[in-house]
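The structure appears below as structure tokens.
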Amino acid sequence: MGKMGSEMLIYVLLLMAGVLASGQSSPVKIWPMPASVSYGHTHLYLTSDFGFSSNYGSEILKDAFDRMLALIKLDHVIDANFSAFNSSSLLQGLHIIISSPNGQLQYGVDESYKLIVPSPEKPAYAHLEAKTVYGALQGLQTFSQLCYFSVTSRVLQIDMSPWTIIDQPRFSYRGLLIDTSRHYLPVPVIKKVIDSMSYAKLNVMHWHIVDTQSFPLEIPSYPKLWDGAYSPSERYTVADAADIVSYAQKRGINVLAEIDVPGHALSWLSRNCSYSSLKGTGYPSLWPSKDCQQPLDISNEFTFKVIDGILSDFSKIFNFKFVHLGGDEVNTSCWTTTPRIRNWLKKHGMNESQAYQYFVLRAQNIALSHGYEIINWEETFNDFGNKLSRKTVVHNWLGGGVAQRVVASGLRCIVSNQDKWYLDHLDTPWQEFYANEPLTNITNLKQQKLVIGGEVCMWGETVDGSDIEQTIWPRAAAAAERLWTPFDKLAKNPRDVTGRLAHFRCLLNQRGVAAAPVAGLGRAAPEGPGSCYRQ
């Protein structure tokens with residue numbers, strides 16, 4: 001074994017020691033940790049006909065309760081003799097009170113809730129109250145973590161009763177990016193990712209749909225675009241996309257669609273987007289020239305007509321407040337080396353930097369015309385931040401210090417700095433995901449509110465349906481707690497939450513999510529035989 005291999009082994013052994021020795025101080029195992037928790041020392045048992053009642057008639061709520069009950073049963077057979085239990089220890093149901101009749105999911109929706117188990121007024125019932133149905137969904141997720149199947153009592157059991165939990169998220173945007181351009185992800189795989197996000201209270205799935213490598217989404221306004229898919233079977237119809245959005249919304253999750261312009265767009269032009277076999281059968285007039293194919297042709301009005309068509313079709317599917325317009329990693333050399341574009345730039349008095357600005361701002365105006373607010377990667381701010389629409393959210397990814405400058409300028413920011421929150425960086429351990437603080441060096445309260453949240457990014461170069469779950473989890477859960485839990489309730493040392501994170505990772509496994517061991521780096525495998533809680 002070489003030096004690097006020896007160092008890696010030592011590192012993994014230290015992580016395993018952390019799982020064995022730490023994070024055991026608190027008996028509360030809920031993840032992410034709620035804002036306020038109190039508990040007692042008695043046991044409760046859910047009756048075989050445990051149900052719910054509510055003042056709010058909603059299929060969203062009914063379906064969420066049914067899913068929760070299935071999650072805590074985990075296909076176990078409930079065959080206890082309930083007549084042997086003290087009736088005062090039996091919990092017959094959950095009463096849910098929702099104060100707002102508005103069932104629309106949108107950015108900033110109230111996700112707060114209060115959970116009391118059992119209710120002081122009706123001790124045979126638990127009590128959940130929330131301002132919106134989406135707060136109730138978060139409360140149901142917490143309730144599900146209080147319950148487990150006891151092999152001793154052969155019943156669903158709650159320990160440490162009575163519980164009083166008052167909770168709300170720290171940040172309104174808590175995201176996970178998936179990438180379906182580098183590898184196609186089947187719809188069932190995407191839905192499983194959405195389910196797992198809800199368990200950790202993440203609430204935005206950023207769908208990086210297209211990129212240089214492939215264009216898998218149907219765009220009715222320009223039907224040749226999805227000729228850029230890897231194959232006919234690796235595509236999403238409009239109905240597929242709408243189904244994914246609906247599936248996510250029923251779980252309290254918004255879907256943020258991204259169209260990355262002007263770079264990362266080679267697949268708009270070609271049928272087979274493997275680099276060696278570009279055929280130019282999509283919309284080749286969008287490229288600067290046959291020999292220099294991206295970024296998109298700034299001099300061609302057709303380019304902006306296509307962008308307008310895509311965003312028009314998006315607006316019929318993706319009803320989130322925001323759309324992501326990319327704008328990162330733009331190499332403008334094709335514009336200056338292509339004679340007709342170089343002449344166009346000269347005619348309009350633009351150099352390369354000004355042309356980049358022109359393209360981004362024009363794309364922003366198109367998005368605004370379709371009712372969207374805009375998210376752009378940070379290069380746009382770094383190059384011409386004072387020119388961006390005031391409805392722009394700057395997406396930080398390159399490194400630290402950017403969020404501080406963005407909010408000082410009065411713009412909003414999402415934090416995803418690649419050294420801490422990129423899941424494809426397999427050498428970044430969960431401890432660094434946990435410790436990454438979005439408000440670092442931002443002390444002004446007004447500016448702090450402009451950081452709307454953060455996002456972990458699962459770029460798709462090395463993930464597909466076979467390994468995406470174990471690459472996302474449990475490291476994404478570490479960031480999820482950072483984004484949900486009040487700052488003063490977060491562990492100052494990640495070591496202190498190791499045991500609780502291991503417990504959550506095992507819960508994910510029990511729910512059918514292939515979360516990797518805590519004791520290891522990204523996408524790690526178990527080192528050997530042993531309990532899930534010790535890995």
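The values are calculated or read from the model by the stated rules, or taken from the named source; none is laboratory data. Bear in mind that the values here come from a model prediction, so they are computed numbers and not experimental data. FYI the Cβ positions are ideal-geometry reconstructions off the backbone, even for glycines, and counts take in every protein chain you see. For accessibility, only protein heavy atoms count, side chains too; no ligands or nucleic acids. Shrake-Rupley method; radii C 1.70, N 1.55, O 1.52, S 1.80 Å.
Scanning segment 317-356 for residues that are in contact with a Leu (Cβ under 9 Å, 6 or more places away or on another chain) and over 18 Å from GLU258 (Cα atoms) turns up TRP335, THR336, ASN351, GLU352, GLN354, ALA355. I'm checking my understanding of the structure. Among residues of segment 383-421 that are aromatic (Phe, Trp, Tyr) and farther than 16 Å from ALA363 by Cα, which one is surrounded by the most Cβ atoms within 10 Å (Cβ to Cβ)? Here the answer is TRP421. For TYR356, the conditions (1) buried (at least 16 other Cβ atoms within 10 Å of the Cβ); (2) free of Cβ contacts under 8 Å to residues at least 60 places away in the same chain; (3) not hydrophobic (A, V, I, L, M, F, W, C) are fulfilled apart from (2). Which of the following residues is over 18 Å from the mean Cα position of the chain (by Cα) and either open to solvent by 50 Å² or more (accessible area, probe 1.4 Å) or not assigned by the TED database to the domain that holds ASN376 (or both): TYR222, TYR236, TYR230? Matching residue, one of TYR222, TYR236, TYR230: TYR230.
On inspection, SER274 passes the criterion of being open to solvent by 20 Å² or more (accessible area, probe 1.4 Å), among the small types (Gly, Ala, Ser), out of contact with any helix residue (DSSP H, G or I) (no Cβ under 8 Å at 6 or more places or on another chain) and at pLDDT below 90.
The residue list VAL518, VAL497, VAL451, VAL456 contains one member that is closer than 28 Å to ARG182 by Cα, more than 16 Å from the chain's Cα centre (by Cα), β-branched (Val, Ile, Thr) and open to solvent by less than 10 Å² (accessible area, probe 1.4 Å), which is VAL518. Can you spot a residue in segment 332-350 that is surrounded by fewer than 23 Cβ atoms within 10 Å (Cβ to Cβ) and within 29 Å of the chain's Cα centre (by Cα)? There is no residue in segment 332-350 that is surrounded by fewer than 23 Cβ atoms within 10 Å (Cβ to Cβ) and within 29 Å of the chain's Cα centre (by Cα).
The residues listed here are GLY57, GLY40; of these, the one that is open to solvent by less than 90 Å² (accessible area, probe 1.4 Å), within 19 Å of ILE116 (Cβ to Cβ) and either part of a loop (DSSP other than H, G, I, E, B) or modelled with pLDDT of 90 or more (or both) is GLY40. Can you confirm whether segment 196-206 contains a residue that is farther than 27 Å from PHE487 by Cα, surrounded by 24 or more Cβ atoms within 10 Å (Cβ to Cβ) and out of contact with any His (no Cβ under 6 Å at 6 or more places or on another chain)? Taking every residue of segment 196-206 in turn, none turns out to be farther than 27 Å from PHE487 by Cα, surrounded by 24 or more Cβ atoms within 10 Å (Cβ to Cβ) and out of contact with any His (no Cβ under 6 Å at 6 or more places or on another chain).
Would you call VAL193 within 24 Å of ALA480 (Cβ to Cβ), open to solvent by less than 10 Å² (accessible area, probe 1.4 Å) and touching a residue at least 60 places away in the same chain (Cβ under 8 Å)? So VAL193 passes the test. Of the residues TYR222, TYR247, which single one is over 22 Å from LEU361 (Cα atoms) and without any contact (Cβ under 8 Å) to a residue 60 or more places away in the chain? When all the criteria are applied, what remains is TYR247. Screening the candidates PHE359, PHE381 for the property of being closer than 18 Å to GLY453 by Cβ and out of contact with any Ser or Thr (no Cβ under 6 Å at 6 or more places or on another chain) yields one hit, PHE381. Selection of first residues in segment 99-117 that are assigned by the TED database to the domain that holds PHE143 and in contact (Cβ under 8 Å) with a residue 60 or more places away in the chain and of second residues that are among the hydroxyl-bearing types (Ser, Thr, Tyr) and open to solvent by 70 Å² or more (accessible area, probe 1.4 Å), restricted to Cβ pairs under 8 Å at least 6 apart or on distinct chains, gives an empty result. Scanning segment 301-327 for residues that are of a type in the set (A, V, I, L, M) and open to solvent by less than 10 Å² (accessible area, probe 1.4 Å) returns VAL306, ILE307, ILE310, LEU311, VAL323, LEU325. For segment 360-416, the strands (runs of 3 or more DSSP E) that sit wholly inside it and include 1 or more residues that are in contact with a His (Cβ under 8 Å, 6 or more places away or on another chain) and without any contact (Cβ under 8 Å) to a residue 60 or more places away in the chain are 373-377, 412-415. Please determine whether any residue of segment 470-490 is farther than 18 Å from VAL204 by Cα, among the hydrophobic types (A, V, I, L, M, F, W, C) and over 19 Å from the mean Cα position of the chain (by Cα). Yes: segment 470-490 contains one or more residues that are farther than 18 Å from VAL204 by Cα, among the hydrophobic types (A, V, I, L, M, F, W, C) and over 19 Å from the mean Cα position of the chain (by Cα).
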